[in-house]
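Everything on this sheet refers to the single structure shown next.
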Amino acid sequence: MSPEQYKPDQFKNDLKRVLSLIRTGQRYLEDGKVVELSALESRISALCEQARTLAPEQRKAVAPLLASLIEELGQFESQMQQEYSDIQRQLRGISNTAQATNAYAQAARTK
């Protein structure tokens, strides 16, 4: 296989791996697990560098996969924002509960 043929194929494989990482991250979020984003970030960065080196006709061939990447990242971002909002609400609830508990405890001590 010539380098011109190999490079887009390798790019497609790398892109599919990144899409798989995103989907794994989405499942982790759904399961309430911690998602480590540094590996995803570095792989996406490397992928962007690779994309810049592709010839115009090669870019056309991988454009649908890049569109999938953008869509998946958008969904992942929305999911992370929702999770963040849920955590903030939970923390506010804990804070309110702690404040109420402290107020009741102080009221009991002053009686």
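Quick notes on this structure:
- Output for segment 20-78, where each listed residue is in contact with a Phe, Trp or Tyr (Cβ under 8 Å, 6 or more places away or on another chain), within 25 Å of Asp9 (Cα to Cα) and among the β-branched types (Val, Ile, Thr): Ile22, Val62
- Any helices (runs of 4 or more DSSP H) falling wholly within the chain and containing at least 2 residues that are in contact with a Pro (Cβ under 6 Å, 6 or more places away or on another chain): 56-110
- Residue that is surrounded by the fewest Cβ atoms within 10 Å (Cβ to Cβ), among those in segment 1-34 that are β-branched (Val, Ile, Thr) and at pLDDT 90 or above: Thr24
- Qualifying residue in segment 58-71 (condition: surrounded by 10 or more Cβ atoms within 10 Å (Cβ to Cβ), of a type in the set (Ser, Thr, Tyr) and farther than 18 Å from Gly25 by Cα): no
The values are calculated or read from the model by the stated rules, or taken from the named source; none is laboratory data. All values derive from a computational prediction rather than experimental measurement. All Cβ positions, even for glycine, are placed from backbone atoms using ideal geometry, and neighbour counts span all protein chains on display.
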